[in-house]
Amino acid sequence: MLKRHKKYYNFVIMYLINKLKQRLQIESNKQFIIVLLTFTLAGLTISQFVKPLLFNFFGLTAETNIFIKIVSWIILIIPLYHVFLLLYGFLLGEFSFFWNFAVQRKIDKFKKRKVI
């Protein structure tokens, strides 16, 4: 009975991976692994190294107002995350993918907005 469930879980996982590859327009499993590794490295760098350094530099502590933390997160951390995505994407050979993912999509969304 356990083998039956294992086959089902493998099928579901492979289905989800293929859907994600299709959505991200990734062709190979190698490219998929590199993309996941790049997201992981960028997130790890921001959460473990950059955020504590910047928050300590600006004096943000646990007692700081949550609104100030959120605004500083949006202003400081999110742009740096995209920079690290591009940096790690370049180092791992997927710069064009992350340029399209992080920058070009944002530019296209901004251009599509209509000014009222």
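Here are some notes:
- When every residue of segment 24-42 is checked against the conditions, at least one turns out to be assigned to a helix (DSSP H, G or I), modelled with pLDDT under 90 and at negative phi.
- Residues considered: Leu20, Leu60, Leu41. Of these, the only one that is surrounded by 14 or more Cβ atoms within 10 Å (Cβ to Cβ) and either charged (D, E, K, R) or within 30 Å of Gly93 (Cβ to Cβ) (or both) is Leu41.
The values are calculated or read from the model by the stated rules, or taken from the named source; none is laboratory data. Keep in mind that this is a model prediction, so the values were computed, not measured. Positions of Cβ are generated from backbone atoms using ideal geometry, with glycine treated the same way; all protein chains shown enter the neighbour counts.
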